[in-house]
Amino acid sequence: MTALSEFSSIQDLSLALRDRRVNAVELATDALRAARSYTDSHVFLHIDDELTLAQAREADQALTAGTAGPLTGIPIAHKDLFVTRGWRTTASSKMLAHYTSPFDATVVDHLRTAGTVSLGKLSCDEFAMGSGNENSAFGPVHNPWDPERVPGGSSGGSAAAVAAHLVMAATGTDTGGSVRQPAALCGVSGIKPTYGTVSRYGIIAYASSLDQAGPLARNARDLVPMLDAMSGFDSNDSTSLEACDGEPNAAGRIQADFAAAQSRFAAAGARPLQGLRIGVPREFFNEGLAACVGDAIESALKTFESLGATRVDISLPRTRLSIPAYYVIAPAEASSNLSRYDGVRYGHRAEHYSDLIDMTSRSRTEGFGDEVRRRILVGTYVLSHGYYDAYYLQAQRVRRMIVDDFQRALSAECDVIMGPVTPDVARRIGDNRQDPIADWLADIYTLGVSLAGLPGMSIPCGFGGPSGQLPIGLQIVGRYFDEGHLLAIADRYQQVTDWHQRIPGHA
Ligand code: GLN
């Protein structure tokens with residue numbers, strides 16, 4: 001339990017801050033102490049009391065002056081993939097171990113303007129490549145529900161920090177599942193919005209056609225102001241959207257859509273979700289799915305039915321192909337994005353070398369970890385002359401077919417899609433060390449959504465595993481720009497369940 005455990009939600013804490021029952025500087029001081037006491041779990045990578053307290057002092061001024069917004073004074077932290085002035089930005093890599101950015105990522109800037117207080121930077125898989133947060137150069141993150149297990153990845157530090165009540169919310173990025181998967185394995189809520197909603201400017205690039213940032217928090221309602229503050233058109237990102245379905249991509253859109261959906265649900269009375277068609281893809285319930293996860297999803301679907309929704313059996317026939325397609329496209333883009341780390345301009349440079357080529361080669365070999373090197377090799381291979389058509393182009397064609405599968409289902413058969421996020425509960429740290437491909441296969445339920453650029457979220461829906469105390473996530477996927485609607489659906493579920501209120505050690 002931490003000082004933040006006293007507050008059930010961002011809204012609850014925000015009220016206390018505005019009523020001046022709580023002061024932002026004292027809150028930040030307590031939160032910094034809790035974050036420091038947690039260092040064995042490698043959740044936080046960089047903490048700087050002075051930087052945090054300066055933000056908290058500003059928050060207190062706004063709160064006293066009556067100019068505070070819903071996020072003023074709220075303690076958050078950023079995945080170490082977002083560049084920040086002041087705090088170092090390492091992407092959990094030795095390559096960037098000493099790097100400090102001269103500017104803030106757009107997301108960091110937006111959340112700062114909204115008045116949040118940043119506690120610092122959170123661990124992740126190196127360059128966001130991974131599903132267990134074990135690929136960090138600075139030690140594996142431990143899952144607050146069981147320290148012998150992974151928190152999921154790549155935003156594992158973000159999910160662990162929210163689950164352990166070290167912050168009220170955190171930023172994450174999702175290229176193939178990295179917000180949804182750790183949210184699921186740590187029992188918190190997380191959303192990846194439609195590709196292009198949140199600016200990628202200042203997010204260390206992994207696979208640019210897939211990278212998208214999103215928030216993690218204790219419940220769906222807390223995600224609303226966070227995602228709203230993070231979103232918005234940004235001329236610094238060429239794939240940033242100016243409009244979302246006719247609405248300007250600007251702060252307030254998510255909140256407005258969320259509120260509109262809430263009032264529709266309220267008007268429907270005892271069966272608030274009447275008319276909502278939930279597509280359940282049969283390919284998600286195969287032999288690879290652990291029984292405890294399948295059971296938890298099944299009972300969540302029953303809860304949605306009791307709220308008035310109907311269940312539709314759907315098919316996403318290319319689900320299996322999302323793994324090879326993603327693991328060609330993402331490494332291809334990564335090999336190109338990571339070519340900038342050459343030891344010349346910034347990042348690690350080898351101490352001893354014979355010539356320029358040797359310097360670059362040694363710097364990259366020393367600076368990158370195993371998984372990153374593996375991806376660069378795969379990516380360079382699939383893009384090389386003679387193989388480009390066979391692998392990269394073919395993967396792009398498959399991507400198109402995967403998009404078509406989702407489009408067909410979401411236009412004709414259902415309004416949202418629900419299913420598992422992960423095939424099982426969190427695995428033990430070290431379990432897949434000899435078999436990295438096992439982790440790739442466990443991405444089966446999240447990759448398609450990323451390849452299609454659709455919004456997807458994860459909310460807690462049960463517990464399982466050997467102890468019966470490991471969180472399980474429910475995935476909810478919507479149409480493009482349906483973030484507000486998805487959040488309202490998740491919020492409706494959280495009004496009648498309490499999975500999201502469980503605390504590690506007190507399940
Ligand atoms: N596990 C996937 C990968 O390693 C997804 C990671 C992510 O979304 N950043 O590529």
Checklist entry - Residue farthest toward the positive end of the dipole of the chain, with Cβ of Lys/Arg at +1 and Asp/Glu at -1: which of Ile472, Asn286, Ser189? => result Asn286
Checklist entry - Which percent, to the nearest 5, of DSSP beta bridges fully inside the chain are antiparallel? => result 70 percent
Item to check | Simple Cβ-charge dipole of the chain, Lys/Arg +1 and Asp/Glu -1, about Cα centre, in debye nearest 20 | outcome: 240 debye
Next on the checklist: Working only with C-alpha atoms, what are the Rg and Dmax values of the range 385-507, expressed in angstrom?
Outcome noted: 17.7, 57
Checklist outcome for this item: For the chain the translational diffusion coefficient, Stokes-Einstein from a Kirkwood Rh over Cα pairs at 10 °C and viscosity 1.306 mPa s, in µm²/s, is roughly 70 µm²/s
Checklist entry - If you average the sequence gap of Cα pairs under 8 Å that are 6 or more apart and divide by the length of the chain, what percent do you get for the contact order? => result 17 percent
Checklist outcome for this item: Of the candidates Trp440, Gly386, Ala412, the farthest towards the positive dipole end of the range 360-463 (Lys/Arg Cβ +1, Asp/Glu Cβ -1, centred on the Cα centre) is Gly386
Next on the checklist: Please compute the modelled spin-label separation between Ser336 and Glu287, points set 7 Å along Cα→Cβ, answer in nm with one decimal.
Outcome noted: 3.9 nm
Item to check | Thr2, Thr52 arranged by Cβ crowding within 10 Å, fewest neighbours leading | outcome: Thr2, Thr52
Item to check | Shape call, the range 75-193: gyration tensor on alpha carbons, a/c limit 1.5 | outcome: oblate
Item to check | Footprinting exposure proxy for Leu45, Leu4 (fewest neighbouring C-beta atoms within 10 Å first) | outcome: Leu4, Leu45
Checklist entry - Once label points are set 7 Å from the Cα along Cα→Cβ at both Leu15 and Thr67, what is their separation, rounded to one decimal in nm? => result 2.6 nm
Item to check | Mean-position separation - Cα centroids, the range 207-235 and the range 126-144, in angstrom | outcome: 21 Å
Checklist entry - From the square roots a ≥ b ≥ c of the eigenvalues of the alpha-carbon gyration tensor of the range 441-504, which class results: rounded (a/c under 1.5), prolate (a/b over b/c), or oblate? => result oblate
Item to check | the range 204-297 - percent relative contact order, Cα under 8 Å, separation 6 or more | outcome: 16 percent
Checklist entry - Given q = 0.11, 0.20, 0.28 Å⁻¹, what are the Debye log10 I(q)/I(0) values for the range 202-276, with equal point scatterers placed on the Cα positions and solvent ignored? => result -0.39, -0.99, -1.28
Item to check | Over the range 318-474: Kirkwood hydrodynamic radius from C-alpha pairwise inverse distances, Å | outcome: 18.4 Å
Checklist entry - In the P(r) worked out for the range 393-445, what percent of Cα pairs fall beyond 15 Å? => result 66 percent
Next on the checklist: Per DSSP helix of 4 or more residues, -39500 (n - 2.57); summed, then divided by the residues of the chain. What does that give at 222 nm, rounded to the nearest 500?
Outcome noted: -11500 deg cm²/dmol
Next on the checklist: Given axes a ≥ b ≥ c from the Cα gyration tensor, I'd like to know whether the range 137-261 is rounded (a/c under 1.5), prolate (a/b larger than b/c) or oblate.
Outcome noted: oblate
Item to check | Per-residue Cβ neighbour rank within 10 angstrom, fewest leading, Met1, Met457 | outcome: Met1, Met457
Checklist entry - Using Cα pairs under 8 angstrom and six or more residues apart, how large is the relative contact order of the range 334-430, in percent? => result 20 percent
Item to check | Set of lysines with alpha-carbon distance to Lys192 below 24 Å, sequence-local pairs under 8 removed | outcome: Lys79, Lys121
Checklist entry - Please identify the GluC sites (Glu not before Pro) of the range 283-333 that satisfy two criteria: DSSP loop assignment and at most 14 other Cβ atoms within 10 Å. Which are they? => result Glu287
Item to check | Inter-probe distance in nm under a simple model that places probes 7 Å from Cα toward Cβ, at Arg428 and Ser208 | outcome: 4.3 nm
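Computed from the coordinates by the stated procedures, all read-outs in this text should not be read as laboratory data. Model, not experiment: these values are computed from the prediction. Cβ atoms come from the backbone with ideal geometry, glycine included; neighbour counts cover every protein chain shown.
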